[in-house]
Amino acid sequence: MAPLGPGGTAARHRAVRRLLAGTRLTARPWPGGGWQLADRAGRWRHCEGLDALWTAVRALSGPVITPDPGDTTRVWSLPDPYAPDPHALVVWTAAALRAGPASGALTVRAAGWSLTGGPDPDTAPVLHREEADPATGGAGGVCVEAPWGARALATDLARVCAPPDEPA
């Protein structure tokens, strides 16, 4: 994977901090790539990427994304023209797949792309370029598809992925 550059690294770090705010863990970008995850006792571990980071977070702290068990929605769209920070969107999707509930596959569609993954930590999420929908002209907000809890997941995504200058 190519380096993100200072803006991308900072944006992903902000999103990681937002997700870890309710835990006893901290993470920061590792200069050589990946993340340094630390607990309150000062113990740390190197995580090679976002999937490894969120798998470690789940093992140490439990889920950081927990949809409402009573939410039976399978598809939920955020209001248009919601435009999340793309780096935060990647961070949130990785966390939902690895540090969230083991609820099966998850697809997030935004800005002509879809990111799909499943609960298997050995399988990386797949990014797809979507065909423009003639009915919408290719425009649209963000859509979350999950086996259950799509509304709760979309609400959490809006909280974490709001651009830094706009509250969710």
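Annotations
- Segment 23-118, accessible surface, carbon-and-sulfur percent (1.4 angstrom probe): 56 percent
- Taking the alpha carbon gyration tensor of segment 30-72, multiplying each eigenvalue by 5 and rooting it gives semi-axes of 25, 13, 6 Å, largest first.
- A convex hull fitted around the alpha carbon atoms of segment 1-93 yields 126 Å³ per residue.
- Estimated at the nearest 10 Å², the accessible area of ASP39 is 40 Å² with a 1.4 Å probe.
- From phi via Karplus (6.51, -1.76, 1.60), per-residue ³J(HN,Hα) for segment 31-47 in Hz, x at Gly/Pro: x, x, x, x, 9, 10, 9, 10, 9, 5, 7, x, 6, 9, 9, 8, 10
The values are calculated or read from the model by the stated rules, or taken from the named source; none is laboratory data. Small disclaimer: the values here were computed from a predicted structure and weren't measured. The protein model used for the area step is the full one, side chains on, heavy atoms only, and it has no ligands, DNA or RNA in it. Shrake-Rupley method; radii C 1.70, N 1.55, O 1.52, S 1.80 Å.
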